[in-house]
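The values are calculated or read from the model by the stated rules, or taken from the named source; none is laboratory data. Quantities reported herein were computed from a predicted structural model and do not represent experimental measurements.
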Amino acid sequence: MKIMLFLILVSLLLAAGFLIAYLRAARDGQFDDDYTPAIRMLFDDPSPNPSLEGRIVAEKQIQDEDLKPSL
C-alpha cells in the first residue's frame with residue numbers, strides 16, 4: 001500500500017513539473033508565432049555556393065580520371 005501512495009505522489013510531482021514548464025514557456029513567448037511554422041515549407045532553400053559546386057565537379061572529374069584504366 002505504501003508503494004501506491006509513493007507512485008501517486010511521484011506522478012503528481014511529475015505532472016506539476018510539466019505544468020510549471022508549460023506555464024514558463026507560455027510566459028516567455030514560446031508559443032506566440034503560430035503562423036510562420038505553417039508556411040515555412042513554402043520558403044526556398046538558400047542557393048548553394050557556386051564556387052563550391054565547381055570545385056565538387058572538378059574533384060569528380062579527377063576521381064573519374066583516376067578510375068580509368070591506363071593502357
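Quick look at the values:
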{"quantity": "Odd one out for Ser47, checked against (1) modelled with pLDDT under 60; (2) part of a loop (DSSP other than H, G, I, E, B); (3) of a type outside the set (A, V, I, L, M, F, W, C)", "calculated": "(1)"}
{"quantity": "In segment 19-46, the residues that are within 18 Å of the chain's Cα centre (by Cα) and among the basic types (Lys, Arg)", "calculated": "Arg40"}
